[in-house]
Amino acid sequence: MSSRHEAPASTSGGVASPIYARIAGTGSHLPPKRWSNDEFVAWLAERGVQTSSDWIVDRTGIEARHFADPDVTSSDLGVQASLQALAAAGCQPADIDLIICATSTPDMVFPSTACLIQKKLGIHGCPAFDVQAVCSGFVYALTVADALIRAGSARRALVIGAEVFSRILDFNDRTTCVLFGDGAGAVVLEASDRPGIVASRLHADGQYSDILCTPGAFRGGEVLGDPTLKMDGQAVFKLAVHVLDQVAHEVLDAAGRTPDSIDWLVPHQANIRIMQGTARKLKLPNSRVVTTVDQHGNTSAASIPLALDHAVRSGTVKPGQSLLLEGVGGGFTWGAVLIDY
Ligand code: UT7
């Protein structure tokens, strides 16, 4: 799926004018319990799992992650991020007419996490649904919201990435459990007469479904198969570096821009080596890569909106700047969104 801002038009007051979608506000939320590498490594050692902070930092750049308490769900985190995004956009829950939540750790099989967030925010009647594209979920959700706004089907969307990945980790598997964390990020995306989202590209290739998956399923009231995350780290690493470079060029080409026009790369926060490798291929210095993986770990669909919100609130990302958001993850899925913020 792809989109590019090329004069989608609507009629307003008898005058045809293009509709675009802009980010009007951002928000994020992390569960309060932060686990530094040292604390987490010590906890794992008590369970007989051997790893080290040095290995984690050296191979991934991760120094800490947050884990939600057992009774806290993705919708709980998503609501907090949404409230911040609504406040930043200067609007009320009642102003929202579309809710899309990207998550692979929904509160329950159904209703969707988006519907549960809708309920907790006291919003009635607007469409609400989840997008399941794992770590690419937020760029998928943003692209769908952009398309619905440009089609005139919505005016102001809440687009959320929310995850409690700690629920699907195997804490006896050191190759995966040290990588992930919990959190949520959100944006209010609203109709505008000037472009915010400039272009986007989404991809998937199910032939790689085995290299990153959580294969368990429910049947007859029982969990069949292993419900914890499995990953062939090296295969994911190689594919990620390749497709992120490819999709970055696709989206830039679609917009008629070049890599040096990007002020900030806001990549999925999985591994600092993948993020910096992507920047290197685009000839962007590491200083133009928004980086939160060190403090959040990999929060899957939440990682991009979390990173974006931190960069906005710290004043790193400023109005008028050009942002390239890039996601990659299980499915295999990947995509990019170019934004004039
Ligand atoms: O969000 C979805 C996208 N996911 C990703 O982007 C993840 C992509 N993959 C990666 O980030 C990296 O492949 C990992 C961080 C998962 C692994 O890094 P690596 O440099 O590819 O390490 P490796 O798998 O080649 O393992 C190197 C060594 C192995 O030991 P031997 O065989 O060389 O003796 C592993 O057993 O590191 C060992 N190892 C560990 N050692 C200490 C693996 N995990 C750990 C650990 N602590 N936690």
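The values are calculated or read from the model by the stated rules, or taken from the named source; none is laboratory data. Note that this is a predicted model, so its numbers are computed, not measured. We place every Cβ from the backbone using ideal geometry, glycine too, and count neighbours over all the protein chains shown. Keep in mind that these areas ignore ligands, DNA and RNA; they rest on the heavy atoms of the full protein, side chains included. Shrake-Rupley method; radii C 1.70, N 1.55, O 1.52, S 1.80 Å.
Laid out as a table, the results:
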| read-out | value |
| --- | --- |
| Alpha-carbon centroid distance for the pair the stretch 37-94 / the stretch 156-220, whole angstrom | 14 |
| FRET efficiency, Ala45 to Asp71 (Cβ-Cβ, R0 25 Å, nearest 0.05) | 0.40 |
| Surface/4 of the Cα convex hull for the stretch 212-341, nm² | 9.1 |
| Over the stretch 185-328, relative contact order from alpha-carbon pairs under 8 Å, at least 6 apart, % | 25 |
| For the chain: relative contact order, % (alpha-carbon pairs under 8 angstrom, 6 or more apart) | 25 |
| Cα gyration tensor shape for the stretch 108-224, rounded if a/c is under 1.5, else prolate or oblate | prolate |
| 5 angstrom amide H check on Thr105, placed H, neighbours 5+ away | Val164 |
| Cβ-Cβ FRET estimate between Gln234 and Ser153, R0 fixed at 56 Å, reported to 0.05 | 0.85 |
| DSSP beta bridges in the chain [antiparallel fraction, %, rounded to 5] | 75 |
| Alpha carbon centroid spacing (whole Å) that separates the stretch 258-281 from the stretch 289-337 | 10 |
| Approximate spin-label separation Ser261-Gln132, in nm, with each point projected 7 Å along Cα-to-Cβ | 3.7 |
| Rough spin-label spacing in nm, given labels placed 7 Å along Cα→Cβ, for Lys33 and Val57 | 2.5 |
| Cα convex hull volume per residue for the stretch 188-228 (Å³) | 170 |
| Average accessible surface area per residue within the chain, 1.4 Å rolling probe, Å² | 41 |
| Calculated over the chain: convex hull of Cα atoms, volume per residue (Å³) | 133 |
| Within a Gaussian network of the chain (alpha carbon springs, distance under 10 Å), most fluctuating of Thr51, Thr105, Thr113 | Thr51 |
| Amide H contacts of Gly183 (H built 1.01 Å from N, under 5 Å, at least 5 apart or other chain) | Glu163, Phe165 |
| Segment Phe171-Ser209, length gained on full extension (0.36 nm per residue, minus Cα span) | 11.5 nm |
